[in-house]
1. Are there any pairs with C-beta distances below 6 angstrom linking a residue in the range 47-59 that is in contact (Cβ under 8 Å) with a residue 60 or more places away in the chain to a residue that is surrounded by 12 or more Cβ atoms within 10 Å (Cβ to Cβ) and not in a helix (DSSP H, G or I), with the two at least 6 apart or on different chains, and if so which?
2. Determine which member of the set 73, 35 is surrounded by 10 or more Cβ atoms within 10 Å (Cβ to Cβ) and either in contact (Cβ under 8 Å) with a residue 12 or more places away in the chain or not in a helix (DSSP H, G or I) (or both).
3. When you go through 30, 51 one by one, which is the residue that is modelled with pLDDT of 85 or more and on the phi < 0 side of the Ramachandran plot?
């Protein structure tokens with residue numbers, strides 16, 4: 001009877017160790033995925049922000065040329081949105 005009791009205690013201890021390992025593995029997996037998603041989100045948002053503001057930066061540089069006295073500068077903005085309308 002004592003052998004069966006010791007067997008089940010050892011079995012329960014191994015199940016507890018496996019459970020603890022699985023919990024640590026799950027936490028590290030979630031942490032790594034979260035960091036990767038944050039990095040990808042940062043890269044994508046920077047790219048989209050650059051696309052959106054590129055026309056605005058071109059327009060600002062053209063207006064700076066006009067303010068400096070170069071009124072022959074051609075304002076070239078390829079945008080079809082409000083910035084494109086403003087550049088016309």
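The values are calculated or read from the model by the stated rules, or taken from the named source; none is laboratory data. The model shown is predicted, which means the values in this text are computed figures rather than measured ones. A quick note on method: Cβ atoms are made from the backbone with ideal geometry, for glycine too, and the neighbour counts reach across all protein chains shown.
1. Short answer, once both residue conditions are applied: none.
2. Only one candidate qualifies: 73.
3. Going through 30, 51 in turn, just one is modelled with pLDDT of 85 or more and on the phi < 0 side of the Ramachandran plot: 30.
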